[in-house]
């Protein structure tokens, strides 16, 4: 089957003078060819080769407008490029074509939350996070927790973040979100514990160093607070710790 797919791809690539919207040669399965372009485009996107990724994904959709993978990948690309309108259009189509694909629902829900459409986003994320066949459903639960946190639904956020950590105790995103949540509540010891767990698995970032400074200052540990401040100034010399 793999040989057949790449043979089809070879035929298509030899048609160098044809436009992207022209039909492939007789006998070529358009859906299979579209899937090849979708797979290639998605791989190029993961490698950061955006121009060639966009070209392949457009070819995939020209051949098969109902290819959900191509819609999702091109939505991710447009989101990265800051073209929210185009991203929303393709995410919406991907979710319409594959309403039970948890990965697509997770990405669409995350995008909607980023755009401030919390209720819509959480509906998709909750569905993705409840799919026990989704190998990475903890990602959807993390995104749901962060979305709920942004929406001011702290109790709901904690529930989802703890569910995510039960599935993946080393999720740096979940640990960071829990540290922030505990700090916002003034639960400084818990905030410190989650931050320390984050530091064991995640990379030092400006926001997390500022959070560490804030936590240790609140706990009265001036030495630890100074340690975060020194590291903050060393790694991010323009940072202001009070901005967290």
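Here, each number is a calculation from the coordinates, and none is a lab measurement. All values derive from a computational prediction rather than experimental measurement. Neighbour counts are summed over all protein chains in view; Cβ atoms, including those assigned to glycine, are modelled from backbone coordinates with ideal geometry.
Packing, taken as the mean count of other beta carbons within 10 Å per residue, orders the peptides 73-81, 47-55 from highest to lowest as 73-81, 47-55. Cα extents for region 49-89 along the principal axes, largest to smallest and rounded to whole angstrom: 26, 21, 12. Taking 0.36 nm per residue of separation and subtracting the current Cα-Cα distance, fully stretching the chain between residue 159 and residue 51 would add 34.9 nm.
For region 182-244, what is the Kirkwood hydrodynamic radius in Å, using each pair of distinct C-alpha atoms?
11.5
Scaling against 2.2 N^0.38 Å puts the C-alpha radius of gyration of region 115-239 at 1.12. With the largest listed first and rounded to whole Å, the semi-axes of the equivalent ellipsoid of the chain from the Cα gyration tensor are 43, 20, 15.
Against the chain, whose longest principal axis is taken from its Cα atoms, helix 50-63 shows a tilt of about 50°.
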